[in-house]
Amino acid sequence: MFFKKKISPNPLGVPLGEINEILKSTTLQSKLTKGGMEVTYDKLTAVVSVEEPPNKEAPIKDIQAIVTIKTYLPEQYLQFLSNPEFRKMVNNMATFAAITEDDSGIYLGSRLTIYEEETGWNIYFPMLLYSLITTNEIFNNSLRILLEQGQPTKEVSEWTDADFELTKSYLDKMCVCTAGGLGFTAEFGVEADAISSIVGHQTALWRMLASEPHPALGGGLFCILELPFGFEKEKLLNVVNTLNKAEMLPHDLPPHFGSWTIGNRQNNPAYVSFLPNVMHKEAKNIHVNMSIWANNRVQSASATLLSHGYI
């Protein structure tokens with residue numbers, strides 16, 4: 001006799017059951033599935049998958065699970081998003097996910113790599129929860145604003161100079177950094193001995209700003225990591241999509257809740273994300289984690305570009 005396998009509320013230790021219970025109190029429709037869950041907002045469905053690392057017998061740095069969130073987009077959106085220029089504009093407004101294109105299609109994508117004896121659930125849980133609550137709605141609102149069918153939202157950020165001074169106290173020994181004026185700035189070396197661009201080193205610029213509200217979400221924390229590599233326009237669009245695809249791979253990588261897009265120099269790739277005000281309370285000191293992840297992302301992104309022959 002065959003029995004239907006029971007769906008686990010905590011696949012590989014990821015507390016999807018708890019997230020599902022919280023989502024029941026919202027307007028979203030959610031359900032647990034085998035090894036994951038599905039969350040539907042309007043006509044968009046986010047598919048959460050929890051998978052073992054690809055090489056279970058020789059795990060990389062004790063990886064326990066890879067969590068991916070993919071929201072495949074309806075046909076009416078694809079006429080806009082198949083255009084790399086328009087996709088760039090949407091990704092400039094990224095919060096918890098990136099518009100990504102690969103062989104399976106165009107989707108909103110996020111990823112979280114979980115390690116054995118994980119101690120970061122105080123940060124990871126609210127990131128997973130609020131990415132599922134807000135990503136699809138923010139995506140729709142962002143599209144309306146880009147198509148001039150909606151008005152930007154204005155709201156004061158919950159982050160203060162005290163938060164950025166705390167970040168500086170953690171990163172002072174790692175890099176050159178400053179805090180103040182409702183912001184934080186740091187330089188992360190591309191190579192191990194790189195310290196600052198002032199002395200001719202190749203560094204990435206990391207900034208967190210509490211003074212730039214999200215047009216569709218309001219107050220919060222805007223984060224941007226700008227790589228120093230320059231490319232011609234057409235090649236740059238390919239570089240950006242390559243980096244977004246690489247972020248979704250089941251590898252030893254920092255959490256991916258943001259998007260690669262085009263930086264302020266207009267010829268360089270940059271990683272942007274936005275944390276809504278609720279994350280200031282629900283994920284205490286997440287700004288410190290974001291900065292450490294940004295430092296690690298410089299190395300992983302540089303390795304990706306090198307492996308694809310871009311640098």
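A few comments on the model shown:
- Any hit, segment 119-126, residues being farther than 28 Å from residue 281 by Cα, assigned to a helix (DSSP H, G or I) and touching a Leu at 6+ places or on another chain (Cβ under 7 Å): no
- Scanning segment 157-191 for residues that are in contact with a Lys or Arg (Cβ under 9 Å, 6 or more places away or on another chain) and of a type in the set (Phe, Trp, Tyr), we see that the one that is surrounded by the most Cβ atoms within 10 Å (Cβ to Cβ) is 184.
- For segment 63-112, a residue qualifies if it is within 18 Å of residue 239 (Cβ to Cβ), of a type in the set (S, T, N, Q) and touching a residue at least 40 places away in the same chain (Cβ under 8 Å), and the qualifying residues are 91, 92, 100.
- Flag if residue 206 is within 22 Å of residue 168 (Cβ to Cβ), buried (at least 23 other Cβ atoms within 10 Å of the Cβ), assigned by TED's automatic domain parsing to the domain that holds residue 172 and of a type outside the set (D, E, K, R): yes
- Test result for residue 115, in contact (Cβ under 8 Å) with a residue 60 or more places away in the chain and either more than 12 Å from the chain's Cα centre (by Cα) or outside the structural domain of residue 297 (by TED's automatic domain parsing) (or both): no
- Filter result (within 14 Å of residue 214 (Cα to Cα) and assigned to a helix (DSSP H, G or I)) within segment 153-178: none
- Residues within segment 265-284 that are assigned to a loop (DSSP other than H, G, I, E, B) and either in contact (Cβ under 8 Å) with a residue 40 or more places away in the chain or surrounded by 21 or more Cβ atoms within 10 Å (Cβ to Cβ) (or both), tallied: 4
- Failed item, numbered, when residue 252 is tested on (1) among the acidic types (Asp, Glu); (2) closer than 22 Å to residue 114 by Cα; (3) not in a loop (DSSP other than H, G, I, E, B): (3)
- Taken over segment 3-14, the residue count meeting the criterion of being buried (at least 17 other Cβ atoms within 10 Å of the Cβ) and in a loop (DSSP other than H, G, I, E, B) is 1.
- Qualifying residue in segment 285-303 (condition: out of contact with any Asp or Glu (no Cβ under 6 Å at 6 or more places or on another chain), surrounded by fewer than 21 Cβ atoms within 10 Å (Cβ to Cβ) and not in a helix (DSSP H, G or I)): yes
- Residue match in segment 57-66 (condition: surrounded by fewer than 16 Cβ atoms within 10 Å (Cβ to Cβ) and at positive phi): yes
- When residues in segment 103-113 are screened for being of a type in the set (Val, Ile, Thr) and modelled with pLDDT of 90 or more, 1 of them pass.
The values are calculated or read from the model by the stated rules, or taken from the named source; none is laboratory data. Keep in mind it's a predicted model, so treat the numbers as computed, not measured. Ideal geometry is used to build each Cβ from the backbone, glycine not excepted, and the neighbour counts take in all protein chains shown.
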